[in-house]
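Participant: Pasting a structure below so you can have a look.
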Amino acid sequence: MRERIPVVVQRNSPGRRAAVRGLWTGAELVVTLGVVLLLLVAHQLWWTNRQAREGAEREVRALQEGWGRDRGAGAPVGGPQEDSRAGEPGADGQDGQAPERPAPDRTAAPAAPAAPRWDQAYAVLRIPRLGLTAPVAQGISKRGVLDKGYVGHYPRTAQPGRAGNFAVAGHRNTHGEPFRRVDRLRRGDRITVETRDAVYTYTVDKSLAQTSPSDSGVIAAVPRSNVRTAVGYSAPGYYLTLTTCTPEFTSRYRLIVWGKLTSMRPR
């Protein structure tokens, strides 16, 4: 007589099945969240850069074509009106004017037209060391200027080639990131600003690796840091200031690069 071995069939309890479903649902949510985060990173680091760079390149071409049509039509030339209270240049000095700075001939300069409209691109900035060409627009709003990949001109600072401080800002990361590599600029590097009537060449002179976002002294008519008071200038002149965020992918501090006007060539 054969002995029968009892077989016990265990069935999953309702609680066990619920736990399994919960774990599976949690895993799906984690994977979905990961995919969404990856898409957001791709959008910020790749798509916004692509869109902004393409738009900035189109704007540069449009500006240059417009300037060419103006010259062909014999339109009067003249840069945008200065919107700062910058003083006239003083004596040449080590931390003020470079001995080779130009002295613009006020008597020969044509009357300047009205200042550019808010968010309007009106100049082209080029930095050969960085391979950068970007439009310069009036104002520093994110949506209207910086997020388009443009360089933004600080209101109430000097216009290109004018006495005082032509101060601009640009993104270091995302949205075209025109100022991504400004930390690589060195003393003696050239930066040109082209407008409808002239090309202004500035030469990099000084930099400030880190300062507070509220350090307004760096964009003053005579730029000097309010945080590190030993850094900057003490005499009126023709200055260029580049500002951007630092460290990369943060907006905690500001990185500053200063240059001085060294030549001016009519177009």
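Participant: Restricting attention to the range 128-143, which residues are of a type in the set (A, V, I, L, M, F, W, C) and either farther than 15 Å from Arg156 by Cβ or at pLDDT below 95 (or both)?
Facilitator: Once the filter is applied, which keeps residues that are of a type in the set (A, V, I, L, M, F, W, C) and either farther than 15 Å from Arg156 by Cβ or at pLDDT below 95 (or both), the range 128-143 yields Leu130, Leu132, Ala134, Val136, Ala137.
Participant: Does the range 187-201 hold any residues that are farther than 10 Å from Val257 by Cβ and either in a strand (DSSP E or B) or within 19 Å of the chain's Cα centre (by Cα) (or both), and which are they?
Facilitator: Hits for the range 187-201 are Arg190, Thr192, Val193, Glu194, Thr195, Ala198, Val199, Tyr200, Thr201.
Participant: Taking Trp46 as meeting all but one of (1) in a loop (DSSP other than H, G, I, E, B); (2) modelled with pLDDT under 95; (3) within 27 Å of Glu177 (Cα to Cα), write down the number of the exception.
Facilitator: Among (1) in a loop (DSSP other than H, G, I, E, B); (2) modelled with pLDDT under 95; (3) within 27 Å of Glu177 (Cα to Cα), Trp46 violates only (1).
Participant: Can you tell me which residue is surrounded by the most Cβ atoms within 10 Å (Cβ to Cβ) among those in the range 213-243 that are under 23 Å from Arg186 (Cβ atoms) and touching a helix residue (DSSP H, G or I) at 6+ places or on another chain (Cβ under 6 Å)?
Facilitator: Checked the range 213-243; the qualifying residue surrounded by the most Cβ atoms within 10 Å (Cβ to Cβ) is Leu242.
Participant: Report every pair of residues separated by at least 6 positions or lying on different chains whose Cβ atoms are under 7 Å apart, first residue within the range 137-158 and under 19 Å from Leu63 (Cβ atoms), second hydroxyl-bearing (Ser, Thr, Tyr) and buried (at least 24 other Cβ atoms within 10 Å of the Cβ).
Facilitator: Note: pairs meeting the criteria are Ala137/Tyr150.
Participant: Which number in (1) outside any strand (DSSP E or B); (2) of a type outside the set (A, V, I, L, M, F, W, C); (3) over 14 Å from the mean Cα position of the chain (by Cα) marks the one condition that Asn173 misses?
Facilitator: Here Asn173 meets the rest and fails (3).
The values are calculated or read from the model by the stated rules, or taken from the named source; none is laboratory data. Keep in mind that what you see is a predicted model, and the values were worked out from it rather than measured. Glycine gets a Cβ as well: all are built from the backbone with ideal geometry, and neighbour counts include every protein chain shown.
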